[in-house]
Amino acid sequence: AVMQTSRSKLCSCPSFKLREVASIYFCMIMLFLIILMAALQGSVPRRNDFPYKVPLDPKGLLELSWNISYPEQVVHFQLLIRHLQFGLLFGMSDRGEFENADLAVLWSDGHNSYFGDAWSDAKGQLHMDSQQDYQLLGARKASKGLYLLFRRPFSTCDPKDYLIEDGTVHLIYGILEEPVHSLQAINISAIPKGLQRVQLLKPNITVPALPSDKKIMEITAPDIVIPSQETTYWCYMVELPEGFLKHHIVMYEPVITAGNEALVHHMEVFQCAAEFDSFPRYNGPCDSKMKPDRLNYCRHVLAAWAMGAQAFYYPEEAGLAFGGPGSSRYLRLEIHYHNPLAFQGRHDSSGIRLYYTATLRPYDAGIMELGLVYTPVMAIPPGENSFILTGYCTDKCTQLALPPAGIRIFASQLHTHLAGRKVVTVLSRDGRERQVINADGHYSPHFQEIRMLKEVVAVFPGDELITTCTYNTEDRSKATVGGFGILEEMCVNYVHYYPQTQLELCKSAVDPGYLHRYFNLVNRFNDEEVCMCPQVSVPQQFYSIPWNTFNRDVLKSLYGFAPISMHCNKSSAVRFPGEWEKQTLPTITERLQEPVPHCPPALAHQPAAPIPVNLGELRRD
């Protein structure tokens, strides 16, 4: 008995320790699960935590919202499908094409639904991606429709994936109206599809508080009927009150008529030239023969908005001046309507809401033009895939025109015409590239907005601002020259800065004398003669060139070494005093390194297979 008691005591001790250890173990497991759930919940945004929103299709059936995590280098997407049929394709491509695209696909055979990361080849055939980087976070049905929540890293280091970077992103979508039994069975050419352009990576900046004495002015269309055609530019003239004093615009935002969110593509408010005492009233298409010619003198941008953009804020130490002496009381509102489905009878009173104050801030903000002068001496041969032109704001000009403390650039609007594909402006100091001011590697002339920079850029006397544009003329049979026409080209960066200076334009063009030598050279080496007669214009001389490899290469070389004519202009369009002709090109001894994409850690256990999604039975309408 004694032995049994001792044995039972000896046995009871280990049992107690096992229970203790087991208890601690299960507590640790539960704690780990709680931490894991908290982490996962923290990585999934709340329903109302998507500050950016844009309609994808003209009917407004698809609405995309998103937010950005710069620490994680991830974009979270929330896609509202108001009327789900049998699935959806959503993704990104270089210029909005469905070939060589990076896609997230939701599809259904009518009974079972699936989500997967896919890519399309050069023929538009879909393939499941071996690396699943579109990560589905959830799908829920609500009264408005189906909400699909997923995330995507900026960079995946997958050659089949699109690199999400600063600038324009061409979003594409396709609607599956019939059930499909596999991803490969989707025929892209047979489904309704389209594209939407946005700036996905919005700057993560602190929004300044608005002044207590702010006033509001709405510049809106007067209940017009949107024409039932794909593209319309509508102009409407507005007059400020008599005796309107100088104020500072500190913020502006869009005013969009409810129901027209998918039709109002972009809007701008221009101030007219002060040298005219009056401007005629006008309310109609901007390209109408009835539009008064004087409205062409309303070109000074006060505000610009494009679809997907948020409110625009000026830094708390600066504001854009309007009103008062030397400022025109006349403004022109221009709205671009994109109506591809030719809706009829849509009334619209959209426009821009200005927030302004009579309490002037320390600095007036200014707008400066960088890039190339609007001149035909800068030309692009036909049939070019990526032809580069560069405009310079030289150290000589900034040394003369900028104050000793320099200026601060806080926003930028890039601009080309239809052949433009890429635009970048770089700050150079002492021959070394220091900083990219603004860059858009997927630039579209159909999506131009004033973009706030991620950080303010300081520019000092002696700095150089170099703007480079890349063009594609593969669809053209004759040379494209610089100029104001839509089939001519521009290369411009409108930088917004403070304090305002007299320098309004800092641009260049190749020296005309060197271009004349080029035409002479082409004459000597080609059987077909390029007429050098004085009465023949520069465009006509470019049009008559036979564009063989030699003539193309020599023109590229000319633009790369020939002296330039500098335009270092005041707001009066008069150059600053100095010698500006036959200036040597700036010498760059050190280039900025191309940024290396950040590769996120590979997601564990993500096989190249679709994920089942419980959406229930889906039927045809």
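The values are calculated or read from the model by the stated rules, or taken from the named source; none is laboratory data. Since the structure is predicted, the reported quantities are computational estimates derived from the model, not experimental observations. Because the Cβ atoms are built from the backbone with ideal geometry, glycine has one as well, and the counts that use them run over all protein chains shown. Side chains are part of the model used for accessible areas, which takes the heavy atoms of the whole protein and leaves out ligands, DNA and RNA. Shrake-Rupley method; radii C 1.70, N 1.55, O 1.52, S 1.80 Å.
Some points to look at:
- In sequence order, the stretch 259-273 has phi-based couplings of x, 10, 4, 8, 9, 7, 7, 7, 9, 9, 10, 10, 9, 7, 5 Hz under the Karplus curve 6.51 cos²θ - 1.76 cosθ + 1.60, θ = phi - 60°, and Gly or Pro positions carry x.
- Per-atom-type breakdown for the chain gives carbon and sulfur 54% of the accessible area (1.4 Å probe, protein chains only).
- A Förster radius of 35 Å, combined with the Cβ-Cβ distance separating Lys215 from Asp277, puts the computed FRET efficiency at roughly 0.85.
- Inter-centroid distance (Cα atoms) of the stretch 444-481 relative to the stretch 73-125, Å: 31 Å
- The stretch 205-361, relative contact order [Cα under 8 Å, separation at least 6], %: 51 percent
- Those lysines that a straight Cα-Cα span of less than 24 Å connects to Lys454, excepting residues fewer than 8 apart in one chain: Lys53, Lys202, Lys422
- Charge tally in the Cβ shell below 15 Å around Cys393, where Lys, Arg are +1 and Asp, Glu are -1, Cys393 excluded: 0
- Amide H contacts for Gln125 (H built 1.01 Å from N in the peptide plane; partners 5 or more residues away or on another chain; cut-off under 5 Å): none found.
- Note, ³J(HN,Hα) from phi for the stretch 356-361, Karplus 6.51, -1.76, 1.60, rounded to Hz, x at Gly and Pro: 9, 9, 7, 7, 5, 7
- Probe 1.4 Å, protein heavy atoms only - accessible area per residue of the stretch 205-361 in square angstrom: 46 Å²
- Per-pair calculated FRET efficiency, R0 = 35 Å: His83 and Gln184 via Cβ, rounded to 0.05: 0.85
- For the stretch 535-550, Karplus couplings with θ = phi - 60° (6.51, -1.76, 1.60), whole Hz, Gly/Pro x: 7, 8, 6, 4, x, 5, 5, 5, 5, 8, 6, x, 8, 7, 4, 4
- Å² per residue, accessible surface of the stretch 471-588 at 1.4 Å: 50 Å²
- Eligible lysines near Lys582 by straight Cα distance, threshold 19 Å, same-chain separation 8 or greater: Lys396, Lys507, Lys556
- Solvent-accessible surface of the stretch 52-202, averaged per residue with a 1.4 angstrom probe and all protein chains in place: 36 square angstrom.
- Angle between the chain longest axis and helix 512-525 axis [Cα atoms, degrees, rounded to 10]: 90 degrees
- Each Cα pair under 8 Å and six or more residues apart adds its separation to the average, and for the chain the resulting relative contact order is 14 percent.
- For the stretch 205-361, the alpha carbon convex hull comes to 114 Å³ per residue, rounded to a whole number.
- For the stretch 439-485, the set of GluC sites (Glu not before Pro) satisfying both a DSSP loop assignment and a count of at most 12 other C-beta atoms within 10 Å is given as Glu474.
- Amide N proximity, the stretch 149-166 versus Ala608 label position 7 Å along Cα-to-Cβ, cut-off under 14 Å: 158-161
- The stretch 490-527 and the stretch 340-371 have Cα centres separated by 30 Å.
- Local net charge near Lys246, Cβ-Cβ under 14 Å (Lys/Arg +1, Asp/Glu -1): +2
- Mean ellipticity per residue at 222 nm, deg cm²/dmol - from DSSP H runs of n ≥ 4 across the chain, formula -39500 (n - 2.57): -4500 deg cm²/dmol
- Cβ-defined net charge surrounding Gly308, 10 Å radius [Lys, Arg +1; Asp, Glu -1]: +2
- Under a 5 Å amide H cut-off, with hydrogens placed 1.01 Å from N, Asn67 pairs with His76 among residues at least 5 apart or on other chains.
- Computed over the stretch 432-576, Kirkwood Rh from alpha-carbon pairs, angstrom: 18.2 Å
- In this simple spin-label approximation, Glu239 and Glu579 carry label points 7 Å from Cα along the Cα→Cβ vector, and these lie 5.1 nm apart.
- With a simple spin-label model that places each label point 7 Å from the Cα along the Cα-to-Cβ direction, the separation between Arg299 and Ser386 comes to 3.1 nm.
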